[in-house]
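We did not get these values from a lab; they are worked out from the coordinates using the rules stated. Just so you know, these numbers come straight off a predicted model, no measurement behind them. For neighbour counting, all protein chains shown are included, and Cβ atoms are generated from backbone atoms with ideal geometry for every residue, glycine included.
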Amino acid sequence: MGLTFEDFKGRIIRPDEMKSLFEINPNRKEYTQKLPDPWEHSYIVVEDVLVNPYDVKDFFIHSSYIAGTNDLIPDKTGAPGMQQPVANEWVKSFILYLRQLLYDHKITRRDITWYDFNCYNNMFWKNMIAIDSNYRPHVDPGDFAFNLFLSDDLHEDEGTAVFAINMPDGQKWIDIRDMERKSGIHPRMISQRMDQGRVGEGKLDKWKYFQGDDIYDYVTTVPAGFNCLSGYRGSLFHTAVYDPKNYSDEHVRYSFVSMLALTSPARNKSAFITQNPNKS
């Protein structure tokens, strides 16, 4: 007889079901936190953000994934661990909440135009492989990144670490876009400085807990926690705080990432309300 719709029912989730999965908790706690002096940027934290966080985690546990660096084929995503892509249409209401969050906490102006967003779930574990030293600080292609942590056994030090890059001329910066606009340093020199300390293009090694070196000074950690959402500028130098020694071989960390991007005109018109040199 062949396959019928009934044979696929267990693998299908409807858009309205995804909307209920990502239902926002009316009793959530939202706040902004300024970075330590002398830096002026702020990040956002929302505690107890979802009504059904365990259901969201269960959805990802039973979902397919695309390979990161851990299938030992380094031409996939270049991201640590594994990634599970999520269609934009599935989480549209959640993205609208994130945009409203930026407006309400005066991070971005209300009259800006958003270009796109990209959503996926990250999976990290103790013995995952790194490529091109991707445990070192990086910057994101999006303008603002949100991490929603879905594991209830996270170590208290976990989160996203922010760093200041030390340039040979003595300048220190935490935001690459501010740096490109205001430092007078050629973008190629910035890229070369970021590449210093890496093991080499395409090379694999074990994931490491990066805490800083002569190129990067640790600034702060944007906190993590179960059902905790954190948001920060993608242009900050940052990396995941995930220390393998804190976990068993069976542990997996789940974190849902939403990357928001502005249109070029909006970005050029200083869409972010907090404008500062971020330089010491």
How would you order 44-55, 240-251 from highest to lowest mean count of nearby Cβ atoms within 10 Å? 44-55, 240-251
Would you mind calculating the relative contact order of region 96-191 from Cα pairs under 8 angstrom and at least 6 residues apart, reporting the percent as a whole number? 12
